[in-house]
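Let me begin by presenting the structure, written as structure tokens, before commenting on it.
The values are calculated or read from the model by the stated rules, or taken from the named source; none is laboratory data. No experiment lies behind these values; they were computed from the predicted model shown. Please note: Cβ atoms are built from the backbone with ideal geometry, for glycine as well, and neighbour counts cover all protein chains shown.
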Amino acid sequence: MSLNPEVRRGGGLPFGMVASVWVCDPRYSTNARALYCILVTYADTQARNTAMGHPYRRELARQLGVSLATLDRTLDEMEVAGMVTVEERLDPRNPGHHDANIYHLHDGGVMWQGTTTWVDPLPPGVKAADVAKARLAERRKAKREAGIQRTGGVPKGVNTRAKKRAEAEGGGSTGAATPGSVGAATLAAPTLLNVYNPLHNPSPDAFRTPEGQVTGGFARAGTRASSAPQVEAAPSGAAANGQKKSPKPRTTRTTAPRPVPGEQDAYHLLDSLGLWERGRTPKMIRDRVRDLLKTGRALPHIQARVNAGWFRAQGPERTRLPEGDPYRIKRPVAYLATVLEMGHDCRLPDCERGTLLTTGQECNACNFARAEREADRAAAKLATDTADLDAAAEQHPTTQQPADPGVPEQHVATWRCAVSSCARPGTGPVPDIPLCDDCRESVQQAVRH
């Protein structure tokens, strides 16, 4: 079996908890703080099923929304800041596999438990990205001094865009020449007006009537085709006479997005809030509605989120508060978009915030997931309390009297039920899910029904 990447996290921290000291520190870049939160979701997958798979570099880059090079720079910044240590390892069965890294998180020392110690390696006011950039520059300098040539890339001073443009037009390479090789450049080809190929952008003259009106073709966004002036092609390229070539013209999109069932009903519902002109739903709201409907949600889900996040939160009243009031909603449209996003993720499409919209009953799947989370928190607390008791016993040992053979042995409670309303003590080894017999039977019945 090949090696898989892992994220390891010591200190007995609860799953999903992040260090607010790191997340709120402006010395770390936004990518570094976001990547730290992503790595926490992968922590200890070998002991806990997080349904997140394995943190391969390509998957981490996709979730962060960056390239692999930016991901590596972000990991370098996190190592400089002391947030994580990347242990690189090779797969013995696949030596060419360089993605089975182990990410050791060091946030145990900044949590409220204080299970480990953490020393901040950054001086006050110094950003981690600047230190990582300086360290990368030193590495590259050391490689150049050692005679190691850089593989790939483009030589310094070469304009790749001008070079490709000159090759596509069939002319010279004046725009791609470096300052020292201008004399070696040849004459560029004539510049044609907005013609990439005859199929996608034909000549405007091919669609002109004898009266001078345009009957087809592309036009610049925001201009009328009939008012576009006719300009003859220049006799020489823009690179040859020293003028900059104009940017490529933008084309307006004429194809409307594919409609989603129930989309218009949701727009009518949101238009009634009075935050914008009826029939002119902002694009931010339209995107959130379409994303919700594509995941299997319907109009009742949107109505429930608006009732809970807008009306119950006194959104109409808070938008009318005076300027400077801390409770005033400054951007109602963005606030409403966030309300539409903040839903309860459940595998049942009919569930919304733990309630089934069709029957009005509680969702059994959400109750079972809530019981599992409480069990995990109780198990983590029990492990922490046990470790504290063992440490206290080692520091202050006491002599125990031998047990009387005539007195029956007393059963000492070693764990408690994870349900907060029960908290019944239990004896013996701690089960995987610390639930008493009654609570376990209740959860099983809820799942079966």
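Which of the residues spanning the stretch 301-333 are part of a helix (DSSP H, G or I) and either touching a residue at least 60 places away in the same chain (Cβ under 8 Å) or β-branched (V, I, T) (or both)? Please lay out each step first, then the result.
At the first step, the residues of the stretch 301-333 found to be part of a helix (DSSP H, G or I) are 301-311, 315-319, 332-333.
If the condition is that a residue be part of a helix (DSSP H, G or I) and either touching a residue at least 60 places away in the same chain (Cβ under 8 Å) or β-branched (V, I, T) (or both), then I302, V306, T319, V333 are the ones that fit.
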Inset, instruction - Filter the stretch 414-449 for residues that are in contact (Cβ under 8 Å) with a residue 60 or more places away in the chain, in a loop (DSSP other than H, G, I, E, B) and under 18 Å from D376 (Cβ atoms) and give the result. - result: I433, L435
Legend entry - Enumeration of residues in the stretch 349-395 that are farther than 25 Å from A304 by Cβ and of a type in the set (S, T, N, Q): T384, T386, Q395
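Hey, any hits in the stretch 334-344 for a residue that's in contact (Cβ under 8 Å) with a residue 40 or more places away in the chain and in contact with a Phe, Trp or Tyr (Cβ under 9 Å, 6 or more places away or on another chain)? Walk me through how you get there before you give the answer.
The first filter runs over the stretch 334-344 and keeps only residues in contact (Cβ under 8 Å) with a residue 40 or more places away in the chain, leaving 334, 336-337, 340-341, 343.
Remaining after also requiring in contact with a Phe, Trp or Tyr (Cβ under 9 Å, 6 or more places away or on another chain): 336.
Yes.
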Legend entry - Search result, residues across the stretch 40-67 that are in a helix (DSSP H, G or I) and modelled with pLDDT of 90 or more: L60, A61, R62, Q63, L64
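Say whether the condition of being small (G, A, S) and surrounded by fewer than 16 Cβ atoms within 10 Å (Cβ to Cβ) is met by at least one residue in the stretch 278-285. Please lay out each step first, then the result.
Filtering the stretch 278-285 for residues small (G, A, S) gives 279.
Still in the list and also surrounded by fewer than 16 Cβ atoms within 10 Å (Cβ to Cβ): 279.
For the stretch 278-285, residues small (G, A, S) and surrounded by fewer than 16 Cβ atoms within 10 Å (Cβ to Cβ): present.
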Legend entry - Positions within the stretch 83-98 being surrounded by fewer than 18 Cβ atoms within 10 Å (Cβ to Cβ) and part of a loop (DSSP other than H, G, I, E, B), in sequence order: E88, R89, L90, D91, P92, R93, N94, P95, G96, H97, H98
